[in-house]
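Working notes for the structure below.
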Number of protein chains: 2
Amino acid sequence: MALKPSIPKGTRDFSPAEVLKRDYIFGTIKEVFKLYGFQPLETPAMENLSTLLGKYGTEGDKLLFRILNSGDFLEGVSESELQNPDHSVLSSKICEKGLRYDLTVPFARYVVQHRNEITFPFKRYQIQPVWRADKPQKGRYREFYQCDADIIGSDSLLNEYELIRIIDDVFSKLNIPVAVRLNNRKILMGIVEAAGVSGRFSEIAVAIDKLDKVGMQAVEEELVGKGIPRSAVESLKNILEVEGSNAGRMEKLKQFLVNSETGKKGIEEMETMFRLINSDPPSSEIVFDLTLARGLDYYTGTIIEVKATGVNIGSICGGGRYDNLTGIFGLEGVSGVGISFGADRIYDVLTLKEGFSSLGTSASKVLIVNFGDTELQYALRILKILHSHGISAQIYPDAIKIGKQFAYANSLNIPYVVVAGEDEIKGSEVTVKNMAEGSQTRISIEKLGDFLTMQT
Amino acid sequence: MALKPSIPKGTRDFSPAEVLKRDYIFGTIKEVFKLYGFQPLETPAMENLSTLLGKYGTEGDKLLFRILNSGDFLEGVSESELQNPDHSVLSSKICEKGLRYDLTVPFARYVVQHRNEITFPFKRYQIQPVWRADKPQKGRYREFYQCDADIIGSDSLLNEYELIRIIDDVFSKLNIPVAVRLNNRKILMGIVEAAGVSGRFSEIAVAIDKLDKVGMQAVEEELVGKGIPRSAVESLKNILEVEGSNAGRMEKLKQFLVNSETGKKGIEEMETMFRLINSDPPSSEIVFDLTLARGLDYYTGTIIEVKATGVNIGSICGGGRYDNLTGIFGLEGVSGVGISFGADRIYDVLTLKEGFSSLGTSASKVLIVNFGDTELQYALRILKILHSHGISAQIYPDAIKIGKQFAYANSLNIPYVVVAGEDEIKGSEVTVKNMAEGSQTRISIEKLGDFLTMQT
């Protein structure tokens, strides 16, 4: 009985061609992270559920993949718990571990656990998969990679500026024009305060976050529906709809926030950021966007979101400042700021823009034809010469018809085929076939390594 | 309330210094895989349990990490199943997915699932973590990386030979002298047949596999205890204890196996392998070891095991030929052969032999001292110059005491600190401090990039 093989929904196999493209993205991001002095960190796929639960809201808790305890997982479950089973109580009894949901919480856990070995400010990058039991749909997977860089232990705005330069460098290298939108949670808090509805910040932030997608009227309706007074909604609307240059909007905002200490602090931070940015303008478009709220509760200062210009794909990078992420693990007052690149969406943007076209996808540079036992020693000698020149090369493993061996080279995009039969062997030569051009060159075996090194 | 942060037992965090060392190992292995024309593949961490169960024996099934179904996982579980719970029945009802246990079964599953898109012979490498609910102990983890290379769709012994060259290349590059032990399952089967106990092959192979650790007497006792006739045990003992050169032992074995077709085929394969090996002897020691059995049931031909010489650490690489791995997924008659490098043990060997000493561990090449707002523009200009030269560099984010900034550079092994205060700025210069030598150089900012590019 043969099983029909498949993989869990929302997960993916990555074929050789896809791995090469993904590695190009990861490699580019990693290179820039390193250039700025970030150091690599890796944490386990499994974390204790006590580390993960309660960090991503009630919805997030539901999206955690839980791992069944090994051995007799029912040990410690009482009869009554089994007879009247409540699946959330039961799951916490039979599962102690879960798969990581993001890289930020494991990073905070690591920092607290290893605080005595770490030199602060700690600049770390981390590129690993995360898992979420979300409903799979186009562009949303249950296993996907995050590429994070965070600086923890410094509240200098220079860190924010550095992250913006990193974003600019990464997308310049990937040849993706982007718009970087910036806002500051303190400004949003100030606006809510100035509108006289301080106590409703979270709900208002969630509503504003949707502005982009649903438009102002729907946001107004949502806020009124939630019982926010009409006058406050009007006031919020007026300030959110202000148009003009970054600097112009900043001025209007200053007047609006004149009585909010938090708001004024936010403005001051944003002005410092723009001074740094304008002192050496990056190639990306940088926009102060009051309507940028971002859902994550732990942000307390700058928030950042990046979209590719000219394509209709969501945010490809985002982040912000958090003043107390490590507090939940017992280390208070440590400020951090970080960004996360979304590899899958960057992949989609590059696919749309044909940004992978210059990547080589060949399995090796050379295939050596296999003529059978008599010629094998000579073929092995060729293989060794090519490998010693650092040239990726393989002998076809079976002495099948030469046409089939050429077909193999063709289908793997191998650009050169080396033929060495009786005749070539006699003269200590080889025939090199250029697959793209169809041309052939016969040269001595001694010159082969240098010859193929020169060919691109 | 602060949680005391920890990670699940048997799992590990990898600090920046550890990631660098591990990446050196992975990078070396990957480079050799690519040189031989292997292509990268990645499969999901989670597989359907139907893919994994029954592939690793009863013991293996128990070591699978199972993932609790999302949502109401008790849906579909009957009341009677809950009242008389059997944990193996229940676990299969509440869990559909498990974490991958190795890279071989997911590879077989991939090959069958994508057989119409794959060009055979398919040479793939895969470097990913696997998870096993083994009892954690020194050197044994619940999450660890495997580095596999397999060729599937060709039964040529050239593939085996290529894998041995890969082993030799990898350990030469890593500067680890190794002994590669070879055997062939067909020879073992022949011996068991010649001893007249064909039906007991699996048990005998398991017992022989322990010879290394427990000695011949214990193996004899185990076999007799299992009811293998004393005469057969004696016969097995005599042939297993034959000493001498690879060729000498092969000759004795030929006489012993003269009536076993399977055994003679095994000898023939082994002789072909040694002809290839001896035609261009690798730097590793290659030993024909009759007592090498390896536990895995799916091997049918050559088996390979590698140990570092001069250190008492177990096998650091192993593999073999399997004639029907894809059969279980419905694709019969596809032969493959593969090897797997154990990154953790290689790490231990390199640590013992101080093989990491030449690796750089600095967070960046340069730290630029932060003197505060007035000097910041100049510091940013320096940063930009260094980055444009591809030099990893960072500005200390806060304008704290200069001594503390130097301490930061020290503790992160940053070899150069650039100082640019009022005086340097006036003359468009910088002072570069070499941290190891304690020396200082004052040069113009224009020359800085080239100057630091030259310094190692």
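Which links in A:Lys384/B:Lys138; A:Lys426/B:Lys34; B:Lys4/B:Lys97; A:Lys62/A:Lys138 stretch past 28 Å when you go from one Cα to the other?
On the way: A:Lys384/B:Lys138 39 Å; A:Lys426/B:Lys34 31 Å; B:Lys4/B:Lys97 30 Å; A:Lys62/A:Lys138 21 Å.
Among A:Lys384/B:Lys138; A:Lys426/B:Lys34; B:Lys4/B:Lys97; A:Lys62/A:Lys138, the Cα-Cα distance tops 28 Å for A:Lys384/B:Lys138; A:Lys426/B:Lys34; B:Lys4/B:Lys97.
Please find the FRET efficiency linking A:Arg230 to B:Ser358, where r is the Cβ-Cβ separation and R0 is fixed at 51 Å, and quote it to the nearest 0.05. Each step should come with its number before you reach the end.
On the way: r = 70 Å, r/R0 = 1.38.
Calculated value: 0.15.
What is the interface area between chains B and A, defined as buried accessible area summed over both chains with a 1.4 Å probe, reported in Å² to the nearest 100?
Values: alone 23480 and 23470 Å², together 38610 Å².
Approximately 8300 Å², summed over both chains.
What average count of beta carbons from other chains do you get within 10 Å of the Cβ of residues in A:42-54? Mind showing how you got there, number by number?
Working: counts 10, 5, 12, 8, 9, 5, 7, 1, 4, 5, 0, 1, 1.
Whole-number average of other-chain Cβ neighbours for A:42-54 is 5.
Show me the chymotrypsin sites (Phe, Trp or Tyr not before Pro) within segment B:280-326 that DSSP assigns to loop and that have at most 16 other Cβ atoms within 10 Å of their Cβ.
Sparse-neighbourhood loop chymotrypsin sites (Phe, Trp or Tyr not before Pro): none present.
List the distances, in nm to one decimal, from the label point of A:Val89 to the label points of the same position in every other copy, shortest first, placing each label point 7 Å from Cα along the Cα-to-Cβ direction.
From this label point to the equivalent ones elsewhere in the assembly: 2.4 nm.
List, in the order given, every pair from B:Lys365/B:Lys447; B:Lys401/B:Lys447; B:Lys21/B:Lys401; A:Lys365/A:Lys447; B:Lys186/B:Lys237 whose Cα-Cα distance in the structure shown is over 22 Å.
On the way: B:Lys365/B:Lys447 17 Å; B:Lys401/B:Lys447 27 Å; B:Lys21/B:Lys401 33 Å; A:Lys365/A:Lys447 17 Å; B:Lys186/B:Lys237 18 Å.
With Cα atoms farther than 22 Å apart: B:Lys401/B:Lys447; B:Lys21/B:Lys401.
Starting from segment B:311-383, pick out the GluC sites (Glu not before Pro) whose DSSP state is loop and whose Cβ has at most 12 other Cβ atoms within 10 Å. Intermediate values should be presented prior to the final figure.
Numbers: sites: B:Glu332, B:Glu354, B:Glu375; in loops: B:Glu332, B:Glu354.
When the GluC sites (Glu not before Pro) of segment B:311-383 are filtered for loop state and at most 12 Cβ neighbours within 10 Å, B:Glu332, B:Glu354 remain.
Can you find, among B:Leu35, B:Tyr408, B:Tyr322, the residue sitting farthest towards the positive end of the charge dipole of chain B, where Lys and Arg contribute +1 and Asp and Glu -1 at Cβ?
Final value for the positive-end residue is B:Tyr408.
Only loop residues by DSSP count here, and only those with at most 12 other Cβ atoms within 10 Å; note down the GluC sites (Glu not before Pro) in segment B:1-91 that meet that. Walk me through the intermediate numbers first.
Numbers: sites: B:Glu18, B:Glu31, B:Glu42, B:Glu47, B:Glu59, B:Glu75, B:Glu79, B:Glu81; in loops: B:Glu75.
Hits after loop and neighbour filter: B:Glu75.
Along the charge dipole of the protein assembly as shown, which of B:Ile313, A:Gln377, B:Asn159 sits closest to the positive end, that is, farthest toward it, with unit charges on the beta carbon of Lys, Arg, Asp and Glu (+1, +1, -1, -1)?
Of the options given, the answer is A:Gln377.
Quick one: what are the phi-derived ³J(HN,Hα) couplings along segment B:259-274, Karplus 6.51/-1.76/1.60 with θ = phi - 60°, whole Hz, x for glycine and proline?
9, 10, 4, 4, x, 5, 4, x, 4, 4, 4, 5, 5, 4, 4, 5
How big is the charge dipole of the protein assembly as shown about its Cα centre, in debye rounded to the nearest 20, if each Lys and Arg gets +1 on its Cβ and each Asp and Glu gets -1 on its Cβ? List each step's numbers first, then the result.
Details: 106 positive and 120 negative charges, 63 e Å.
I would put it at about 300 debye.
Relative to the first principal axis of the alpha-carbon coordinates of chain B, what is the inclination of helix B:445-454, with its axis defined by its Cα atoms, in degrees from 0 to 90 and to the nearest 10?
30 degrees
Amide H of A:Ile286: which non-local residues (sequence gap of 5 or more, or other chain) have their own amide H closer than 5 Å, using H built in the peptide plane?
Those qualifying (amide H under 5 Å, at least 5 residues apart or on another chain) are A:Val180.
In Å, what Rg and Dmax follow from the Cα atoms of segment A:366-454?
11.7, 31
About its Cα centre, how strong a charge dipole does segment A:366-454 have in debye, to the nearest 20, once Lys and Arg get +1 and Asp and Glu get -1 at the Cβ? Before the final figure, lay out each step's value.
Working: 8 positive and 10 negative charges, 31 e Å.
Value, rounded to 20: 160 debye.
Measuring with a 1.4 Å probe in the full set of protein chains, what accessible area per residue, in whole Å², belongs to segment B:366-454?
Values: 4270 Å² over 89 residues.
For segment B:366-454, the per-residue accessible area is 48 Å².
When Cβ neighbours within 10 Å are restricted to other protein chains, what is their mean count per residue of peptide B:439-451? Let's see the in-between values first.
Numbers: counts 0, 0, 0, 0, 0, 0, 0, 0, 0, 0, 0, 0, 0.
That works out to 0 on average.
With a 1.4 Å probe and all protein chains left in place, how much accessible area per residue does segment A:123-178 have, in Å²? Intermediate values should be presented prior to the final figure.
On the way: 1770 Å² over 56 residues.
Per residue, segment A:123-178 has 32 Å² of solvent-accessible surface.
Give the long-range amide H neighbours of A:Ser392: residues separated by 5 or more places, or on another chain, with amide H under 5 Å away, using H modelled in the peptide plane at 1.01 Å from N.
Correct list: A:Lys365.
I'd like the mean, over residues of B:70-77, of how many other protein chain beta carbons sit within 10 Å of each residue's own Cβ.
4
Using alpha-carbon pairs under 8 Å, 6+ residues apart, how would you state the relative contact order of chain A in percent?
Details: 697 pairs, mean separation 65.4, N = 456.
Value for chain A: 14 percent.
What are the label-to-label distances in nm, one decimal and shortest first, from A:His114 to the same spot in the other copies, with labels 7 Å along Cα to Cβ?
3.3
Where nothing but the Cβ of Lys and Arg (+1) and of Asp and Glu (-1) is charged, how large is the charge dipole of chain B around its Cα centre, in debye to the nearest 20? Intermediate results must be reported in sequence, preceding the final value.
Details: 53 positive and 60 negative charges, 106 e Å.
Using only the charged Cβ atoms, the result is roughly 520 debye.
Between helix B:16-35 and chain B, what is the angle of the helix's C-alpha long axis to the longest principal axis, kept within 0 to 90° and rounded to the nearest 10?
Compared with the principal axis, the helix lies near 60 degrees.
Counting only protein heavy atoms and using a 1.4 Å probe, what share of the accessible area of segment A:86-137 belongs to carbon plus sulfur, as a whole percent? Walk me through the numbers before you get to the answer.
Numbers: 740 of 1800 Å².
For segment A:86-137, the apolar C and S fraction of the accessible surface comes to 41 percent.
Scanning chain B for trypsin sites (Lys or Arg not before Pro) in DSSP loops with at most 12 other Cβ atoms within 10 Å, what's the longest stretch left with none?
Numbers: sites that count: B:Lys9, B:Lys138, B:Lys401.
Counting at most 12 other Cβ atoms within 10 Å as exposed, the longest clean stretch of chain B is B:139-400.
Read phi for every residue in segment A:309-321 and hand back ³J(HN,Hα) as whole Hz from Karplus 6.51 cos²θ - 1.76 cosθ + 1.60, θ = phi - 60°, with x for Gly and Pro.
Result, ordered by residue: 7, x, 10, 9, 10, x, 5, 9, 6, x, x, x, 9 Hz.
Run the simple label-point estimate for B:Glu446 and B:Asp72 please: 7 Å along Cα→C-beta, distance reported in nm.
It works out to 7.7 nm between the two label points.
Which residue, chosen from B:Thr104, B:Phe73, B:Pro44, occupies the Cα position most advanced towards the positive end of the dipole of segment B:17-111, where the dipole is computed from +1 (Lys, Arg) and -1 (Asp, Glu) charges on Cβ about the Cα centre?
About the Cα centre, the residue reaching furthest to the positive side is B:Thr104.
Run the label-point distances for A:Gly248 please: 7 Å along Cα to Cβ, every other copy, nanometres, shortest first.
So the label point of A:Gly248 gives 9.4 nm to the other copies.
Starting at the first residue of segment A:210-217, write each ³J(HN,Hα) from the Karplus equation 6.51 cos²θ - 1.76 cosθ + 1.60 with θ = phi - 60°, in whole Hz, x for Gly and Pro.
Here the 3J(HN,Hα) series is 8, 3, 3, 8, 9, x, 5, 4 Hz.
Given a 1.4 angstrom probe, I'd like the percentage of the accessible area of segment A:366-454 that is carbon and sulfur, rounded to a whole number.
Working: 2210 of 4270 Å².
The value for segment A:366-454 is 52 percent carbon and sulfur by accessible area.
Nearest 10 degrees, 0 to 90: what angle lies between the long axis of helix B:230-240 and the longest principal axis of chain B (Cα atoms)?
Tilt relative to chain B: about 40 degrees.
The values are calculated or read from the model by the stated rules, or taken from the named source; none is laboratory data. Since the structure is predicted, the reported quantities are computational estimates derived from the model, not experimental observations. Because the Cβ atoms are built from the backbone with ideal geometry, glycine has one as well, and the counts that use them run over all protein chains shown. The area values use the complete protein model at the heavy-atom level, side chains included, leaving out ligands, DNA and RNA. Shrake-Rupley method; radii C 1.70, N 1.55, O 1.52, S 1.80 Å.
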